[in-house]
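For reference, the structure discussed in these notes is given below.
The values are calculated or read from the model by the stated rules, or taken from the named source; none is laboratory data. Just so we're clear, the structure is a prediction, and the values are computed from it rather than from any experiment. Note that we place each Cβ from the backbone using ideal geometry, even for glycine, and neighbour counts take in every protein chain shown. Remember, those area values only see protein heavy atoms, side chains included, never the ligands or the DNA or RNA. Shrake-Rupley method; radii C 1.70, N 1.55, O 1.52, S 1.80 Å.
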Amino acid sequence: MALASRRSRRPSIDIWPGFVDALAQLLMVIIFILLVFTASQFFLADALTGRDKALRELQQQVSELGNLLALERTANTDLRASAASLAAQLKATESERNALAARAKEAEKALTGEQQTSTAARAQVEQLTASVAALREQLAQIAAALDLAEAKVKDQQTQLADLGRRLNLALASKVEELARYRSEFFGRLREIIGNRADIRVVGDRFVFQSEVLFAQASAELADTAKDQLDPVIAALQEISRKIPPDINWALRIDGHTDRRPINTAQFPSNWELSTARAISVVRYAIEKGIPPNRLVAAGFADKQPLDPGNGEEAYRRNRRIELKLTEH
């Protein structure tokens, strides 16, 4: 076994020098690699140092560019705000411009209308001026005509005054003449009737009591009434022949009642009774030949009493027929 051990150790001694050489070569390789690595690290470090410097410079540039970009962004925001403000101002300006343009158009139209109106107004003024001148001329003519008319009126007034005076004189003369015939008529009647109490002359009136001519509450002439009226009518006919035709005379017959009321189918009141009695006398006078245009009938009911009393005597006096020679 010892021999065997010896035999086995020999080969180990034989390979050792090769191993050492290999190891040396390996070390050299390693050293070379280390040198290369060291050199590469040096160069790499140097390169990295340059790169770091460049990187820092780039970072600084990037920072500066970022600052510039921020400034640009801020400026851009401000510019956008300014642009928006300017756009709004532009829009407002355009709106104002459009409004001013519209106003200008309206003003132009209004000015054109005013110019046309002014032209029409001038034409109207000229026309009115001409009309005023014509009216003044007409007024002058009218004033002259008025002066002439006033002169004529004064002259006519003088003539009218003279005519009125002469007419009054003529009327007075006619009235006096009629009064004379009336006086003659009533004088003749006084001679006819004498001193009868139921037929009398009172002033310018010839008065018959109603009982002489009519029955109570009747408007028909009694037979005896005609005998009383005939002399009066004859005297009137005699006097009327003497009255000139230019005297417009008339015999007025007035009917009167007392205050006691009447209410019948024929005479609803004293108005109808008094008027009917006056008409009856007028009709009889016409039958006897008195012209109708010379006769007038009127009824006064109980409104013009001769006696205000309530006794039978007062009633009798107030019931009457009056004849009066007067003018139409």
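Just one of the listed residues (P268, P305) is buried (at least 18 other Cβ atoms within 10 Å of the Cβ) and part of a loop (DSSP other than H, G, I, E, B), and it is P305. Residues in the stretch 234-265 that are in a helix (DSSP H, G or I) and in contact with a strand residue (DSSP E or B) (Cβ under 9 Å, 6 or more places away or on another chain): L236, I239, S240. Selection of first residues in the stretch 265-284 that are touching a residue at least 60 places away in the same chain (Cβ under 8 Å) and of second residues that are open to solvent by 30 Å² or more (accessible area, probe 1.4 Å), restricted to Cβ pairs under 7 Å at least 6 apart or on distinct chains, gives the following pairs, ordered by first then second residue: I279/A297; S280/E220; S280/L221; Y284/L221; Y284/K226. Assess whether L295 counts as being in contact with a Leu (Cβ under 8 Å, 6 or more places away or on another chain) and touching a residue at least 60 places away in the same chain (Cβ under 8 Å). For L295, the condition - in contact with a Leu (Cβ under 8 Å, 6 or more places away or on another chain) and touching a residue at least 60 places away in the same chain (Cβ under 8 Å) - is not met. Does A149 satisfy being under 30 Å from I247 (Cβ atoms) and either aliphatic (A, V, I, L, M) or at pLDDT 85 or above (or both)? No. Within the stretch 100-107, not a single residue is at pLDDT below 75, assigned to a helix (DSSP H, G or I) and in contact with a Pro (Cβ under 9 Å, 6 or more places away or on another chain).
Taking the criterion of being closer than 20 Å to R319 by Cα, in contact (Cβ under 8 Å) with a residue 24 or more places away in the chain and either more than 60 Å from the chain's Cα centre (by Cα) or surrounded by fewer than 17 Cβ atoms within 10 Å (Cβ to Cβ) (or both), would at least one residue in the stretch 235-245 satisfy it? There is no residue in the stretch 235-245 that is closer than 20 Å to R319 by Cα, in contact (Cβ under 8 Å) with a residue 24 or more places away in the chain and either more than 60 Å from the chain's Cα centre (by Cα) or surrounded by fewer than 17 Cβ atoms within 10 Å (Cβ to Cβ) (or both).
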